[in-house]
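The values are calculated or read from the model by the stated rules, or taken from the named source; none is laboratory data. Here the structure is a predicted model, which means the values were calculated and not measured. Don't worry about glycine lacking a Cβ; one is built from the backbone with ideal geometry, like all the others, and counts go over all protein chains shown.
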Amino acid sequence: MRDKLDGLAFLDHRVNRVVQTLDETLGRVPKTGPLDGAYLQEVFALPLVLSDSEQPRRSDK
């Protein structure tokens, strides 16, 4: 999904912020071991943030 969004970023510059958020969140997730605590909360929150279609418009102002 991240790569597809990155490929479509030329259509709307606000998509870059979404890709950046994905990269930052997934970059903090441990490569090995259990996914728990703050990391687990961030990963669960990510789809909620991405499902808000108005969020990129609000952050652009």
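The single condition among (1) of a type in the set (D, E, K, R); (2) at pLDDT 85 or above; (3) out of contact with any Pro (no Cβ under 9 Å at 6 or more places or on another chain) that E54 does not satisfy is (2). Between G33, G7, the distinction of being of a type in the set (G, A, S), free of Cβ contacts under 8 Å to residues at least 40 places away in the same chain and not in a loop (DSSP other than H, G, I, E, B) belongs to G7 only. Filter segment 10-30 down to the residues that are part of a helix (DSSP H, G or I) and of a type in the set (K, R), then identify the one that is farthest from S51 (Cα to Cα). So, considering only residues that are part of a helix (DSSP H, G or I) and of a type in the set (K, R), the one farthest from S51 (Cα to Cα) is R28.
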